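The values are calculated or read from the model by the stated rules, or taken from the named source; none is laboratory data. Small disclaimer: the values here were computed from a predicted structure and weren't measured. Note: ideal-geometry Cβ built from the backbone for every residue, glycine included; neighbour counts use all protein chains shown. Keep in mind that these areas ignore ligands, DNA and RNA; they rest on the heavy atoms of the full protein, side chains included. Shrake-Rupley method; radii C 1.70, N 1.55, O 1.52, S 1.80 Å.
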Amino acid sequence: MSDDDDYGFTYSDEDEFNEDEVDIENAYYNAKGSLESGANEAAMKGFEEVIAMEHEKGEWGFKALKQMVKLLYKMNDAGAMLERYKELLTYVNDAVTRNYSEKVLNSILDTIASNEDMGFLQEFYETTLRKLEETKNERLWFKTNLKLCKLVFDAKDFARMQVILKELHKSCQNEDGTVDQRKGTQLLEVYSIEIQMYTAQKNTKKLKDLYEKALEVTSAIPHPRILGIIRECGGKMYMVERDWENAATDFFEAFKSYDEAGSDRRVQCLKYLVLANMLMESEVDPFDAQEVKPFREDKEVTVMRSLVGAYQRNDIAAFEQLLKTHREQVMGDDFIRDYVEDLLKNIRTQVLLRLIEPYTRITIPYISTELNIPEPDVESLMVSLILDRRVDAKIDQRAQVVHIAREDPRAIDAIARARGFANWSERLRDLHLTVASKLARA
């Protein structure tokens, strides 16, 4: 039989290619089966074989590298993982579609986001960014840069953060430097991380300017978590300015946004709302709001509810006991701790006003005992009341006595009667002049 005798069958390079493709696919799924059964070493070797079987970079090699990267991360081999990840990035140009490569890279970036090794994360993000700049994948470049920005924010490297923010802002602008209205959603994401930076730095001036700019962005459909961050920082800004009412409004909006996003920050913002509500001395119970009712029995919130009750009753003893008993829950939050003294001053002021109401003369030691605070603190409270014109009093520091001016009720009545007579006399004079004028014309 001659070599040309092929029994009627014809073979082509395409058939051979298809057979190779099937072999590579089978090798991939065999390796994946080893991975799913827990045979990590066998899986690694299998995926390496898949890569070697491809004559040029293709989809199965990309998939194999993806599995290797995730497996090496699971095995805590960060160095080897990073090397395989760099190899994976060489496939994104031509081997797979843009959408698929973006989906895979996003998945890997989300997987490593919880890693506590800042150096590893930084190198990982920067490696990704270099490749994305080369492939001009703006969308994933933006997301990755945001992750890097969050990383340096957590490390409090504000100088480096400013550099990244500048690049992010530039990506949201037109060539003439104006804001690209089509990128409103991305711009709000940039504002949210920048607002967090200025909040951490307590730079109220820049924070307020940025906060107002964020609220002016209308061409956006941001994730509710982003709105929650912006509103929470706005509430903190108003708290610094002691504008309790606007702070309460923003904390409530932040709570609703976080709740919609399913974020744990909603409970924290609810506590801040309660704090602002107490400081503005509102008699409205924030837990009566329909959106808040489901959280009334939350263990983090019940303490704040009890504080509200004691605060509204001006029950200093109960208020201070709650602070002492639940110190970690209340004072463990740095932000709340900064305003506890304001709350105590408010409640002590209310009790002090009620205490001195029947007196024209009262001793500072007596007030100190009743309020359970040092005598210098009593003097400080009294001085504040006098300066705010809430009490007409004088303090005799030597005798440790407060003299309170009280108007005599009889004197008040006499003054009122005198004013009445003066008004009556004025009206009679006007009537006399009117009549005299008419008679003169007649």
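Only one of the numbered conditions (1) aliphatic (A, V, I, L, M); (2) part of a helix (DSSP H, G or I); (3) in contact with a Lys or Arg (Cβ under 6 Å, 6 or more places away or on another chain) is violated by ALA95, and that is (2). For segment 69-79, the condition of being charged (D, E, K, R), part of a helix (DSSP H, G or I), exposed (fewer than 13 other Cβ atoms within 10 Å of the Cβ) and modelled with pLDDT of 85 or more holds for at least one residue.
Return the only residue of ALA155, ALA159 being modelled with pLDDT of 85 or more, open to solvent by 10 Å² or more (accessible area, probe 1.4 Å) and aliphatic (A, V, I, L, M).
The unique qualifying residue is ALA159.
Residue pairs whose Cβ atoms lie under 6 Å apart, sitting 6 or more positions apart in sequence or on different chains, and linking a residue in segment 78-93 that is closer than 14 Å to TYR125 by Cα to a partner that is basic (Lys, Arg) and assigned to a helix (DSSP H, G or I), are LEU89/LYS131. As a summary of the residue check, ASP250 satisfies the conditions (1) part of a helix (DSSP H, G or I); (2) surrounded by fewer than 21 Cβ atoms within 10 Å (Cβ to Cβ); (3) in the same structural domain as LEU279 (by the TED database) except for the one numbered (2). Might you let me know whether segment 221-243 holds any residue that is assigned by the TED database to the domain that holds PRO294, in contact with a His (Cβ under 7 Å, 6 or more places away or on another chain) and either among the hydrophobic types (A, V, I, L, M, F, W, C) or assigned to a helix (DSSP H, G or I) (or both)? Checked segment 221-243: no residue is assigned by the TED database to the domain that holds PRO294, in contact with a His (Cβ under 7 Å, 6 or more places away or on another chain) and either among the hydrophobic types (A, V, I, L, M, F, W, C) or assigned to a helix (DSSP H, G or I) (or both). Of all the listed residues (VAL292, VAL301, VAL330, VAL284), the sole one being more than 16 Å from the chain's Cα centre (by Cα) and under 30 Å from THR369 (Cα atoms) is VAL330.
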